[in-house]
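Down below is the structure, laid out as structure tokens.
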Amino acid sequence: MAVPEPVVCPLCERPIPPAQRDAHHLVPKSRGGRHTEYLHRVCHRQIHALLTETELARQYATVEALLTHPEIRRFVDWVRTKPDDFFVATRKSARVRRR
């Protein structure tokens, strides 16, 4: 019996345990997005803590574009050193909370 290939987070490139797997709409559903990518829950929450749905739809609708954002890049560089099942609570930035 073949063992299924692990799902790898395209953002941090670590294997995602099933309990930590979130589907992220690259273009938010509220903006007509349909395509999803599986991400670590901590990576997914960090994206939404830093960026508005409008920003995601207009500027950050690909993994490559997300990695160009300085704060996302800093987070990814940090989280890559953590275990695959690592999770920490995320707070929305004040800029995103105001919107």
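Structural remarks
- HN-Hα J in Hz across the range 66-71 - Karplus 6.51, -1.76, 1.60, θ = phi - 60°, x for Gly and Pro: 4, 5, 7, 6, x, 6
- Cα-projected label distance for K29 with A65, points at 7 Å along beta-carbon direction, nm: 2.0 nm
- Relative contact order computed over the range 1-49 (Cα-Cα under 8 Å; 6+ residues apart), in percent: 34 percent
- Surface composition of the chain: carbon plus sulfur atoms contribute 52% of the solvent-accessible area (1.4 Å probe, protein chains only, all chains present).
- Viscosity 0.692 mPa s, temperature 37 °C, Stokes-Einstein D of the chain from Kirkwood C-alpha radius, µm²/s: 235 µm²/s
- The chain - accessible surface per residue (Å², probe 1.4 Å): 64 Å²
- Using alpha-carbon coordinates, inclination of helix 41-50 to the longest axis of the chain, degrees: 10 degrees
- Working note: Karplus 6.51/-1.76/1.60 with θ = phi - 60° gives the range 22-39 the couplings 10, 8, 10, 7, 4, 9, x, 4, 5, 10, x, x, 10, 6, 10, 10, 6, 10 Hz, where Gly and Pro are set to x.
- Under 5 Å between amide hydrogens, built in the peptide plane, is the criterion, and for V8 it picks out I16 among residues at least 5 positions away or on other chains.
The values are calculated or read from the model by the stated rules, or taken from the named source; none is laboratory data. Keep in mind the model is a prediction, meaning the values are calculated, not measured. Every residue, glycine among them, receives a Cβ derived from its backbone with ideal geometry; neighbour counts consider all protein chains shown. Ligands, DNA and RNA are stripped out before the accessible areas are found, and what is left, the full protein with its side chains, is counted by its heavy atoms. Shrake-Rupley method; radii C 1.70, N 1.55, O 1.52, S 1.80 Å.
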